[in-house]
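The values are calculated or read from the model by the stated rules, or taken from the named source; none is laboratory data. Everything quoted here is computed from the prediction, not taken from an experiment. Every residue, glycine as well, gets a Cβ built from its backbone with ideal geometry; the counts of neighbours run over all protein chains shown. Areas reflect the complete protein model, heavy atoms only, side chains present, ligands, DNA and RNA absent. Shrake-Rupley method; radii C 1.70, N 1.55, O 1.52, S 1.80 Å.
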Amino acid sequence: MVGRVRAVLGLVVASALAGVLVTAMFTPAVALGGIAVGSSLEAFDDLPDYIKPDTLSQTSSIYAQDAAGNRTLLASFYDQNRQEVGWSDISQYFKDAIVSTEDPRFYVHGGMDVQSTVRAFVSNTVSGGVESGASTISQQYVKNILVQRAEAISDPTAEAAAYADATATTADRKLKELKLSIGLEKEYSKDDILLGYMNIALFGGRVYGIQAASQYYFGVDANALTLAQAASLAAMVNAPEALRIDVPDNIAANTARRNEDVLASMLKESAITQAQYDAAIATPVTPNITESSTGCQTAAAGAGFFCDYVKNIILNDKTFGETADDRANALNRGGYTIVTTLDPALQAAANQAVTDYVPSSMSSVDIGGAFVTVQPGTGKIVAMAQNKTYSQDPSADPATNTAINYSTDAAYGGSNGFQNGSTSKLFVLMDWLKSGRSLNDFVNGSNNQKFTASNITNSCGATVNGTYTAGNDAGESGGNATVLSQFEDSVNNAFLNMATKLDLCDINAIASAFGMHRADGAAMDTGLYATVLGGNEVSPLTMAAAYAGVANNGMFCTPVAISSITDSTGADVAVPQSTCTQAIDPTIAQTALYAMQGVIQSGTATTANPADSTPHFGKTGTTDAEKDVWLVGGTTQLVSASWVGNVTGNVSIRQTAVTGGNDVTVRSGLSRLYVWKEFYKNTADARGGSSFPLPASASRGSGSGSSGTAGTGRGTATATPTPSPTAAPGGPSGNGTAPAADPAGTPAAVPAPTSTPAG
């Protein structure tokens with residue numbers, strides 16, 4: 001009881017003394033005249049008793065992670081470059097340097113150092129101004145907390161006002177700081193206060209806290225600082241901009257402050273020996289500036305575009321804040337550890353394949369290339385590569401650098417997408433099968449067909465204005481052949497003919513169930529051309545995810561890029577989850593997969609066949625004017641969309657010769673196939689891949705030839721089909737004419753195609 005009374009009396013006395021001394025310190029002439037002291041004491045008593053340190057602004061980091069759990073840093077984001085660390089993570093040299101220099105009686109006073117305050121009062125009285133503030137470490141910590149609160153305000157006007165209030169050289173501000181520091185000392189231990197101060201302090205620029213300062217200025221962790229290094233950093237805290245040593249002109253001033261104030265104070269306070277002092281004095285200030293990896297341009301293996309996609313997920317999702325400013329603050333100040341779905345080995349392989357076969361720039365075409373891979377059953381995005389270097393630097397060469405992510409939608413990377421061509425025929429095929437028809441049904445794929453509103457059904461949209469005709473892409477006659485054969489050869493008119501027996505609304509419903517949507521956010525065009533021949537602009541990610549749903553027995557999973565997020569305290573933060581829905585009956589999906597295996601084995605994508613023991617499936621696509629070419633497909637484990645095309649313009653990709661990274665001249669129409677093949681043959685197929693289940697009613701080597709069965713036989717059918725000629729790339733033409741077939745280039749280490757690639 002006696003001790004408590006003494007403590008209370010001590011606080012009252014300290015409060016009264018603080019009010020008098022602070023008022024005198026800031027207004028010495030007035031105080032000496034006996035004026036204003038009483039009002040200051042009243043103001044002091046009215047101030048809050050206690051301030052609770054806030055969660056500090058900390059760096060958020062984005063990581064890739066392999067199957068073993070090993071993480072690879074992609075990039076960091078921060079307003080303040082800070083990594084909060086514990087007591088044992090900081091060199092004792094630095095702790096001693098701060099206390100000896102800034103507040104030698106730190107461990108004995110109660111938040112206000114009376115001796116220092118009296119000394120400041122005398123100094124200010126003699127000078128007639130305010131030359132000394134006599135701040136203890138506790139007071140400096142309080143000031144930094146108030147500054148941090150101001151800087152966390154998103155409104156610029158309110159932030160400026162709060163910052164001015166936290167840093168004003170006035171008696172009122174000093175009284176508030178002193179009262180709060182006395183309350184702080186009642187709530188926290190001395191070591192906790194010193195630790196908080198070391199983690200919050202500014203060390204120049206955007207470098208905050210001793211850990212980030214140690215790493216940035218000397219390339220070491222805070223617990224590994226030498227005496228000379230620790231003293232050099234301690235020298236910065238009261239003049240962080242003037243004494244920061246990443247500016248060569250500041251090194252002399254930093255050295256003087258280190259030697260004459262910091263090291264001298266440490267020796268005076270017996271924190272170091274004379275020998276240690278002499279050795280440190282003799283050590284030159286030698287910075288080892290180590291830049292932190294801030295922004296997605298630092299991501300390795302071409303992962304900058306994926307990193308930017310993850311950043312945009314956070315900036316767009318209200319999970320991370322109600323407003324755009326709130327979400328930006330969460331990323332730049334929240335100290336998030338963001339573990340993504342990106343697989344470093346697969347990313348490196350995808351990046352290498354794109355680099356090998358798609359130039360970063362060409363004089364004849366604004367060339368773009370993207371390759372994105374999704375895991376069936378989880379929706380995880382494991383690779384995302386592009387033929388450009390990710391950069392937001394306005395001075396970077398725009399021919400080879402961009403911040404636009406070709407793999408994603410406009411809201412997540414700035415791209416409006418690309419027409420997907422004959423890859424849309426997959427959805428026509430699945431509706432054909434859903435209606436009870438068969439892969440072995442015969443359809444007419446000849447060029448002489450006309451399509452009008454009278455023979456097209458679209459129960460939820462427009463059909464055709466006037467008469468629509470389309471050429472088969474390579475000018476092949478098409479003829480009367482099985483659906484399976486027409487699909488493998490990607491015959492345009494065969495699928496347009498099939499659509500006349502279906503409802504375009506049903507085809508588009510299936511596409512929608514597999515996540516198909518325009519990259520620009522507009523409604524999908526559901527007309528004949530767009531539905532059957534791929535006239536909507538979509539992203540490669542959308543295509544990869546849709547085809548992954550087919551590989552997953554018809555269950556579509558929305559793509560996801562983030563596995564987990566923890567905040568600066570280690571607490572879990574909610575992240576967007578993949579939603580999986582059964583988009584179509586598994587037997588239909590299996591039948592479609594069966595057909596797509598033929599595309600790789602004997603159809604339009606034979607050039608891409610890795611010809612190893614892993615089963616593959618896929619579908620090619622070429623758009624009107626041949627401005628975009630695709631291959632989408634993969635294995636049961638990994639599904640990829642490979643796109644090469646015009647970023648802007650309408651230059652024929654198939655008629656544009658390019659030089660690949662292996663110094664082999666190939667056609668751009670084939671490069672999408674070579675990229676896909678290299679990725680699977682060299683890396684992805686090592687992850688395995690199961691055989692695709694045969695459709696329930698498959699009969700290899702025979703078929704019904706009628707419309708009422710689900711037979712899927714590959715080979716001959718009960719009726720004798722008209723042989724289908726070898727097809728060239730099948731995509732929309734729309735004008736009744738057909739381009740010439742594309743000759744196959746033969747790059748080193750890549751076998752020549754056994755048939756002309758199509759689709």
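Evaluate segment 579-589: report whether one residue or more is in contact with a Cys (Cβ under 6 Å, 6 or more places away or on another chain) and either at pLDDT 95 or above or surrounded by 23 or more Cβ atoms within 10 Å (Cβ to Cβ) (or both). The answer is yes, given that some residue of segment 579-589 is in contact with a Cys (Cβ under 6 Å, 6 or more places away or on another chain) and either at pLDDT 95 or above or surrounded by 23 or more Cβ atoms within 10 Å (Cβ to Cβ) (or both). Take Gly436 and tell me if it is at pLDDT 95 or above, under 21 Å from Asn508 (Cβ atoms) and open to solvent by 20 Å² or more (accessible area, probe 1.4 Å). Yes; evaluated as a whole, the condition is true for this residue.
Can you tell which of Ala256, Ala242 is out of contact with any Asp or Glu (no Cβ under 6 Å at 6 or more places or on another chain) and outside any loop (DSSP other than H, G, I, E, B)?
On the way: Ala242 fails: outside any loop (DSSP other than H, G, I, E, B).
Result of the check over Ala256, Ala242: Ala256.
For segment 271-323, the tally of residues that are within 23 Å of Thr558 (Cβ to Cβ), of a type in the set (A, V, I, L, M, F, W, C) and over 14 Å from the mean Cα position of the chain (by Cα) stands at 1.
Can you confirm whether segment 506-523 contains a residue that is outside any loop (DSSP other than H, G, I, E, B), in contact (Cβ under 8 Å) with a residue 60 or more places away in the chain, touching a Gly at 6+ places or on another chain (Cβ under 7 Å) and under 27 Å from Gly634 (Cα atoms)?
Our first condition is that a residue be outside any loop (DSSP other than H, G, I, E, B); within segment 506-523, this holds for 506-513.
Applying the additional criterion that residues be in contact (Cβ under 8 Å) with a residue 60 or more places away in the chain yields 506-508, 510-511, 513.
This time we only want the ones that are touching a Gly at 6+ places or on another chain (Cβ under 7 Å), so: none.
No: zero hits.
Does at least one position in segment 528-536 carry a residue that is more than 24 Å from Ala470 (Cβ to Cβ), open to solvent by less than 10 Å² (accessible area, probe 1.4 Å) and not aromatic (Phe, Trp, Tyr)?
Step one: of segment 528-536, the residues more than 24 Å from Ala470 (Cβ to Cβ) are none.
No, there is no match, as no residue in segment 528-536 is more than 24 Å from Ala470 (Cβ to Cβ), open to solvent by less than 10 Å² (accessible area, probe 1.4 Å) and not aromatic (Phe, Trp, Tyr).
Residues that are at pLDDT 95 or above and surrounded by 18 or more Cβ atoms within 10 Å (Cβ to Cβ) within segment 284-295 comprise Val285, Pro287, listed in sequence order. Against the definition (within 40 Å of the chain's Cα centre (by Cα), at negative phi, part of a helix (DSSP H, G or I) and at pLDDT 85 or above), how does Leu146 come out, yes or no? In short, yes. What do you reckon, is Asn497 open to solvent by less than 30 Å² (accessible area, probe 1.4 Å) and in a loop (DSSP other than H, G, I, E, B)? When the stated conditions are applied, Asn497 does not pass them.
May I ask you to verify whether Ser564 is touching a residue at least 12 places away in the same chain (Cβ under 8 Å), open to solvent by 40 Å² or more (accessible area, probe 1.4 Å) and not charged (D, E, K, R)? The answer is yes for Ser564. Inspection of segment 407-420 identifies at least one residue that is open to solvent by less than 30 Å² (accessible area, probe 1.4 Å) and of a type in the set (Val, Ile, Thr).
Within segment 592-645, the residues that satisfy the criterion of being open to solvent by less than 10 Å² (accessible area, probe 1.4 Å) and polar (S, T, N, Q) are Thr604, Thr607, Thr620, Thr622, Thr623, Thr635, Ser640, Ser642. Restricted to segment 335-359, and to residues there that are within 18 Å of Ala383 (Cβ to Cβ) and of a type in the set (Ser, Thr, Tyr), the residue that is surrounded by the fewest Cβ atoms within 10 Å (Cβ to Cβ) is Thr355.
Please work out if Ala160 is at pLDDT 90 or above and hydrophobic (A, V, I, L, M, F, W, C).
Working: at pLDDT 90 or above: yes; hydrophobic (A, V, I, L, M, F, W, C): yes.
It is true that Ala160 is at pLDDT 90 or above and hydrophobic (A, V, I, L, M, F, W, C).
Check segment 72-84 and report whether any residue there is of a type in the set (A, V, I, L, M, F, W, C) and more than 25 Å from Thr294 (Cα to Cα).
So far as segment 72-84 goes, no, none of its residues is of a type in the set (A, V, I, L, M, F, W, C) and more than 25 Å from Thr294 (Cα to Cα).
For beta carbons closer than 7 Å, sequence separation of 6+ or different chains, a first residue in segment 431-452 that is at negative phi and assigned to a helix (DSSP H, G or I) and a second that is modelled with pLDDT of 95 or more and open to solvent by 30 Å² or more (accessible area, probe 1.4 Å), the qualifying pairs are Asp431/Asp506.
Taking into account only those residues within segment 237-277 that are among the basic types (Lys, Arg) and open to solvent by less than 60 Å² (accessible area, probe 1.4 Å), which is nearest to Val207 (Cα to Cα)? Spell out how you get there, then give the answer.
So the first thing to find is which residues in segment 237-277 are among the basic types (Lys, Arg), and the list is 244, 257-258, 268.
Filter again for open to solvent by less than 60 Å² (accessible area, probe 1.4 Å), leaving 244, 257-258.
On the way: Arg244: 10, Arg257: 20, Arg258: 19 Å.
For segment 237-277, the residue satisfying everything is Arg244.
Would you confirm, using the coordinates I've provided, whether Pro376 is outside any strand (DSSP E or B) and open to solvent by 40 Å² or more (accessible area, probe 1.4 Å)? No, not satisfied. Ala385 meets each of the listed conditions (1) assigned to a strand (DSSP E or B); (2) touching a Ser or Thr at 6+ places or on another chain (Cβ under 6 Å); (3) not hydroxyl-bearing (Ser, Thr, Tyr) apart from (2). Inside segment 206-236, residues that are outside any helix (DSSP H, G or I) and open to solvent by 30 Å² or more (accessible area, probe 1.4 Å) make up a count of 5. Note on segment 148-164: among residues that are touching a helix residue (DSSP H, G or I) at 6+ places or on another chain (Cβ under 7 Å) and farther than 28 Å from Tyr107 by Cβ, the one that is surrounded by the fewest Cβ atoms within 10 Å (Cβ to Cβ) is Ser154.
For segment 380-391, check the following and say yes or no: at least one residue is of a type in the set (Gly, Ala, Ser), within 16 Å of the chain's Cα centre (by Cα), within 20 Å of Gly549 (Cβ to Cβ) and at pLDDT 95 or above.
Our first condition is that a residue be of a type in the set (Gly, Ala, Ser); within segment 380-391, this holds for 383, 385, 391.
Of the ones still in play, those that are also within 16 Å of the chain's Cα centre (by Cα) are 383, 385, 391.
The next check asks that each one be within 20 Å of Gly549 (Cβ to Cβ); those that pass are 383.
Those still in the list that are at pLDDT 95 or above too: 383.
For segment 380-391, residues of a type in the set (Gly, Ala, Ser), within 16 Å of the chain's Cα centre (by Cα), within 20 Å of Gly549 (Cβ to Cβ) and at pLDDT 95 or above: present.
Mind listing just one residue for me: the one in segment 86-109 that is open to solvent by 20 Å² or more (accessible area, probe 1.4 Å) and aromatic (Phe, Trp, Tyr) and, of those, modelled with the lowest pLDDT? This residue is Tyr107.
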